[in-house]
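What follows draws every value from the coordinates through simple rules; no lab data is involved. The structure displayed is predicted, hence computed values, not measured ones. All Cβ positions, glycine included, derive from the backbone under ideal geometry; neighbour counts span all protein chains shown.
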Amino acid sequence: MPLPFRDHRQDPAAWAQELDISREAVDLYLSSEVVDLHIDSFLWTRQIGYDLRKRHGAGLGGAWLSQVDLPRVREAQLAGAMWSITTNPFRNEARRAEVFFENLARLRDILESCTDDVALARNLAEYRAARAAGKHAAFLVVQGGNALDAEGALDRLPEGQILRVTVVHLTNSSLGATSSPFARGAGGLTERGRDFVRKLDEKRIFVDLAHVERRGFFDAVAVHDRELPLLVTHTGVSGVFRHWRHLDDDQIRAVADTGGAIGIMCQSQMLGDRTWAGRSETVVRHMEHVIAVGGEDACSFGSDWDGLIVGPRDMRTCLELPRLVQRMLDRKWPEARVRKVLGENFLRTLRDLRG
């Protein structure tokens, strides 16, 4: 059964008026490939029964939770997204893997129950096929490599089904140390972590270096296959605002040198705004720094919506995404740069990884 949503392509002028932005911004948005590199909403289907197939309201205070669901993804004309399976690090090693495979099946079932609107994608050809059919292209990804650090767990993955693994998350693991100040360890990747990166490369799974501690970041760069692009899917940059989650300029250049991409997130406090008073313009400022250091091909968008973040007050949910384009145009971005950051840069990395 088709998902219920309003198709703004039928009246883009009305959408522009509702969002209080220019028709130019809406037209550019609607004609672009818009891909979000990190959506964490599936987590809440497991924790509180949040139904991704149902259209939800504004959430808690218009901020936490209820930022994304599939009807609103369709209404927002989000061409594609990485749908994350996030790991509970406190389960024992063997049980983590079993729960991960259960959650993988559950997320697939949800997405495959919406075949009128959603298609699973593993590579650029499947993304293009989904778009040609007028559907949202959903990529399955993992946040927290310790979901798969049990012996043989990576080899149990169905061929090509997982596109990306964030090597570490908010806790230390057998693979290495997180950047979080609440769980600082000795730093760096372990030898097991280095082998994990090599294995991801062999399987043509994106190595995602969001959340990893700086020394571990460069440990991964050192063992990573230089022919393949690296990703940092949801982050900010220290050149705009210093924070433990952010990349410095050397890290930006390291990703750019592989032909990779860096997704700027929407967590207002981490980007340097007051928590409840964030602005979409600040997201663009972080993007501009990535571009200044790593070039136009290095920057993407990775919201982290429903990852317990408080987003910009003018972009609380995916439905306000065209406002991000308006901020880009306000700062005199050329149209080609806008299209690259919205999705084309990521799609290039997808082509380079898997064709």
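Things to note:
- Euclidean distance of C-alpha centroids, region 242-292 and region 321-353, integer Å: 14 Å
- DSSP-assigned coil residues among chymotrypsin sites (Phe, Trp or Tyr not before Pro) in region 40-133, each with at most 15 further Cβ atoms within 10 Å: Phe90
- Per DSSP, loop GluC sites (Glu not before Pro) in region 158-252 with at most 16 further Cβ within 10 Å: Glu159, Glu227
- Taking 21 Å as the straight-line reach from the Cα of Lys135, the lysines in range (excluding those fewer than 8 positions away in the same chain) are Lys54, Lys340.
- Inter-part distance, region 189-208 to region 13-71, computed on C-alpha centroids, equals 32 Å.
- Electrostatic bookkeeping for Arg331 treats Lys and Arg as +1 and Asp and Glu as -1; over the other residues with beta carbon under 11 Å from its beta carbon, the sum is +1.
- Placed amide H near Leu209: partners under 5 Å, 5+ positions off or other chain: Leu231, Val232, Thr233
- Footprinting exposure proxy for Ile110, Ile262 (fewest neighbouring C-beta atoms within 10 Å first): Ile110, Ile262
- Kyte-Doolittle mean at least -0.5, axial Cα span of 18 Å or more - DSSP H helices of the chain: 93-112, 280-294
- Close amide H contacts of Val118 (hydrogens built in the peptide plane, cut-off under 5 Å, sequence separation of 5 or more or a different chain): His136.
- Separation in nanometres of the label points that stand 7 Å from Cα toward Cβ, at Gln17 and Phe218: 5.6 nm
- Scanning residues 5 or more positions from Trp305 or on other chains, those with amide H under 5 Å from its amide H are Asp40, with H placed 1.01 Å from N in the peptide plane.
- Per-selection Kirkwood Rh - the chain (Cα, Å, 1 d.p.): 20.0 Å
- Length added when fully stretched, Ala277-Asp116, from 0.36 nm per residue minus Cα-Cα: 54.2 nm
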